[in-house]
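A short worksheet on the structure shown next.
The values are calculated or read from the model by the stated rules, or taken from the named source; none is laboratory data. Keep in mind that this is a model prediction, so the values were computed, not measured. Every residue, glycine among them, receives a Cβ derived from its backbone with ideal geometry; neighbour counts consider all protein chains shown. We work out accessible area using only protein heavy atoms, side chains counted, and drop any ligands, DNA or RNA first. Shrake-Rupley method; radii C 1.70, N 1.55, O 1.52, S 1.80 Å.
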Amino acid sequence: MPRAVHVLAFGIFAMVTSEFVVAGLMPQMAEGLGVTVPQIGYLITVFALSMAFGGPLLSIALLRLPPKTALMVLFPLFLAGNVLAATASGYSAMVIARIITGVVSQAFFGVAISLGSQLTRPETRGRAVAVILNGLMLGTLLGLPLATLTGERYGWRAAFWAISALTVAAALCTAIGVHRTGRPEGSGTFRSELTAFRAPRLWLTLLTSTMVIGATFSAFSYLNPILTRATGFSSGTVPLLLLAYGAATVIGNTVVGRFADRHTLPVLLLGLSLNAVFLAGFALLARFEAGAVLCMLGVGLVGVTMNPALVTRVQRTGNARPLVNTVHSSFITLGVVLGSALGGLGLDRFGLRAPLWLGAGLAVAGLVTLVPDLLRRTEKPGVAGPDGPSANSAHPAPAPLHAGQTP
């Protein structure tokens with residue numbers, strides 16, 4: 001795997017750490033900014049909505065730039081957002097900071113995944129995406145607790161200053177470790193980028209991603225109250241359980257990445273089926289510690305870890321260029337919003353197990369979105385579909401560039 005792919009994962013790690021830091025420092029930030037904890041919670045929503053709707057717009061503005069140049073434009077913008085957060089004198093400034101960092105991080109995801117695909121051969125792109133997205137998993141596993149620890153010991157502003165330093169380090173590594181490439185073939189104009197979105201099948205593929213992530217976040221968003229109030233774990237035990245959950249996502253992401261290229265559709269079929277089973281099992285066994293932990297770890301293994309297969313399927317259905325990848329990331333973010341919102345409504349009306357049942361329902365809905373591809377594969381067994389390397393033959397990918405090679 002090219003060194004540049006690991007460097008891109010470092011950039012994703014910085015972005016995700018900034019995304020999650022508010023969740024770990026709500027009481028401190030509420031006191032420091034003179035607002036309520038729910039108002040701080042809205043900053044998470046603002047970040048997610050900025051990612052979903054602002055990221056593609058920024059990606060369009062960067063279409064004419066080579067991928068590395070686009071990344072080097074995004075890093076200073078992201079740094080400015082975090083510095084604004086660290087120095088915010090009031091709630092309004094913090095909202096603006098979260099909008100900036102949300103928009104930039106989504107565009108960064110799209111460009112980084114597109115560049116990672118450009119740097120690797122088609123048969124290894126699933127593994128490359130898995131490596132890049134390990135930055136996301138490690139952001140959950142390490143970035144959030146480290147940022148939270150920094151904020152608790154030195155104040156919440158110190159956490160944003162630490163993320164700013166992390167951003168500078170990631171930018172320097174990218175400048176040194178990622179070589180310059182040209183724009184992917186066929187990219188460069190808004191009209192050419194929009195061509196891929198004329199296919200209804202791409203929209204259905206994007207919807208699958210929303211259902212996969214929505215199913216997982218319906219449960220993940222409320223793991224703390226479920227584990228403490230339904231299962232009976234102490235509040236001090238929950239961080240350790242979340243650490244185990246994060247470790248499960250890293251393992252699952254690596255395994256999925258190994259099979260995402262050659263077995264995309266079977267991986268998604270198996271992953272969604274198991275996720276539905278684990279979420280339903282979690283709801284049924286929520287009062288039993290061993291059963292609850294086992295099912296929670298199962299969700300970690302087969303939930304967000306489907307991302308490499310989801311990205312591979314979207315790229316083969318559409319293309320591997322930045323706008324498609326950024327819009328795909330927006331649909332994933334909408335899954336986070338959908339899952340957490342429905343889970344919250346279910347919890348308020350029907351109790352602690354409702355988010356788990358809703359998650360299982362969303363996983364089943366995700367399985368339904370796979371049916372057209374499954375039927376197509378059954379009807380045309382001799383033709384490569386979304387599960388085979390030639391599925392994107394309508395959008396041939398450029399040959400990868402290697403270190404020292406210029407367009």
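Figures for the structure shown
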quantity	calculated
Residues satisfying the stated conditions in region 314-338, i.e. open to solvent by 10 Å² or more (accessible area, probe 1.4 Å), of a type outside the set (Ser, Thr, Tyr) and either within 20 Å of His263 (Cα to Cα) or free of Cβ contacts under 8 Å to residues at least 40 places away in the same chain (or both)	Gln315, Arg316, Ala320
Residues located in region 256-272, provided they are free of Cβ contacts under 8 Å to residues at least 60 places away in the same chain and open to solvent by 10 Å² or more (accessible area, probe 1.4 Å)	Val267, Leu270
Tally, over region 287-300, of residues that are aliphatic (A, V, I, L, M), surrounded by fewer than 22 Cβ atoms within 10 Å (Cβ to Cβ) and in contact with a helix residue (DSSP H, G or I) (Cβ under 6 Å, 6 or more places away or on another chain)	1
Among (1) open to solvent by 40 Å² or more (accessible area, probe 1.4 Å); (2) under 30 Å from Glu123 (Cα atoms); (3) aliphatic (A, V, I, L, M), the one test that Ala23 misses	(2)
Among (1) open to solvent by 10 Å² or more (accessible area, probe 1.4 Å); (2) of a type in the set (Gly, Ala, Ser); (3) more than 18 Å from the chain's Cα centre (by Cα); (4) under 29 Å from Ile213 (Cα atoms), the one test that Ala70 misses	(1)
Sole exception among (1) assigned to a helix (DSSP H, G or I); (2) under 26 Å from Leu334 (Cα atoms) for Ala292, by number	(2)
Pick from region 26-41, criterion touching a residue at least 40 places away in the same chain (Cβ under 8 Å) and open to solvent by 40 Å² or more (accessible area, probe 1.4 Å), ranking: farthest from Met137 (Cα to Cα)	Gly34
Among the residues listed as Arg127, Arg157, the single one being open to solvent by 40 Å² or more (accessible area, probe 1.4 Å), under 29 Å from Arg258 (Cα atoms) and not hydrophobic (A, V, I, L, M, F, W, C)	Arg127
Scan of region 121-148 for residues that are under 14 Å from the mean Cα position of the chain (by Cα), among the β-branched types (Val, Ile, Thr) and under 15 Å from Leu242 (Cα atoms), ordered by number	Thr140
Among (1) buried (at least 20 other Cβ atoms within 10 Å of the Cβ); (2) under 18 Å from the mean Cα position of the chain (by Cα); (3) under 28 Å from Met29 (Cβ atoms); (4) modelled with pLDDT of 85 or more - the single one Ile99 does not satisfy	(1)
Scope region 169-192; condition in a helix (DSSP H, G or I) and either exposed (fewer than 14 other Cβ atoms within 10 Å of the Cβ) or modelled with pLDDT under 75 (or both); matching residues	Ala169, Leu172, Ala175, Ile176, Phe190, Arg191, Ser192
Selected residue (only one of Leu268, Leu297 is in a helix (DSSP H, G or I) and within 17 Å of Leu362 (Cα to Cα))	Leu268
Residue in region 2-14 that is modelled with pLDDT under 85, touching a helix residue (DSSP H, G or I) at 6+ places or on another chain (Cβ under 8 Å) and either crowded, with 19+ Cβ neighbours inside 10 Å or over 21 Å from His179 (Cα atoms) (or both) present	yes
Condition broken by Phe197, with the remaining ones in (1) more than 18 Å from Thr326 (Cα to Cα); (2) out of contact with any Lys or Arg (no Cβ under 7 Å at 6 or more places or on another chain) satisfied	(1)
Condition broken by Gln106, with the remaining ones in (1) under 17 Å from Val21 (Cα atoms); (2) over 18 Å from the mean Cα position of the chain (by Cα); (3) open to solvent by less than 20 Å² (accessible area, probe 1.4 Å) satisfied	(2)
Thr87 under 28 Å from Ala244 (Cα atoms) and open to solvent by 20 Å² or more (accessible area, probe 1.4 Å)	no
Options Ile213, Ile226: the member that is part of a helix (DSSP H, G or I), over 24 Å from Thr369 (Cβ atoms), among the β-branched types (Val, Ile, Thr) and at pLDDT 90 or above	Ile226
